[in-house]
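**Q** Got a structure here, written out as C-alpha cells. Questions coming.
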C-alpha cells in the first residue's frame, strides 16, 4: 500500500525494506510539511533492519511531528529493528505498539492542537 491518507489527520505508511526505507520516510516528511497538522503511523512489517540513515530520517520526522503537536507511532516492529532502536538508546523516544489498529487509534485520539491553541486566551 505504501503511503496513504488514512483520514484527514492521519498518514499511514507501509514501510518497504532497506534500501528504500529512508527514501520513503523522506517522502512522508514532505507530505507532512505539505499537509500540515497530521499524525503518522508507520508499519514496519516489511522492514527487517533499520540503517542509520533511515533512523536519522525517522528522528527528523518525529521532531517535525512533535513540533506540530502530533504523534509518530511505529507498529509491527520486528525484533532486529527493535534491537537497533534499543542499542541506539531511542527506545524511549519512539512510541511503538504491536499492531496497526492500536497505532491508528493512538494517532487518531490526538486532539487537534491547532484548534485548541487558537481558542486559548492571549
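A short reminder: the numbers here are calculations on the coordinates, not readings from a lab. If you're wondering where the values come from, they're calculated on a predicted model, not measured in any experiment. All Cβ positions, glycine included, derive from the backbone under ideal geometry; neighbour counts span all protein chains shown.
**Q** 7 Å from Cα along Cα→Cβ at both residue 63 and residue 105: what's the point-to-point distance in nm?
**A** 3.3 nm
**Q** Measure nothing but the geometry: give the 0 to 90° angle between the long axis through the Cα atoms of 52-67 and the longest principal axis through the Cα atoms of the chain, rounded to 10°.
**A** 10 degrees
**Q** Write down the radius of gyration of region 41-97 and its Dmax, each obtained from C-alpha positions, in Å.
**A** When restricted to the Cα atoms of region 41-97, Rg and Dmax are 10.7, 30 Å.
**Q** Moving on. With label points built 7 Å along Cα→Cβ from the Cα atoms of residue 53 and residue 9, find their separation and express it in nm.
**A** 3.5 nm
**Q** Against the longest alpha carbon principal axis of the chain, how many degrees, from 0 to 90 and to the nearest 10, is the axis of helix 21-35 turned?
**A** That works out to roughly 10 degrees.
**Q** Let me ask you something else. Extending each Cα 7 Å along its Cβ direction at residue 27 and residue 91, get the distance between those two points in nm, one decimal.
**A** Calculated label separation equals 3.2 nm.
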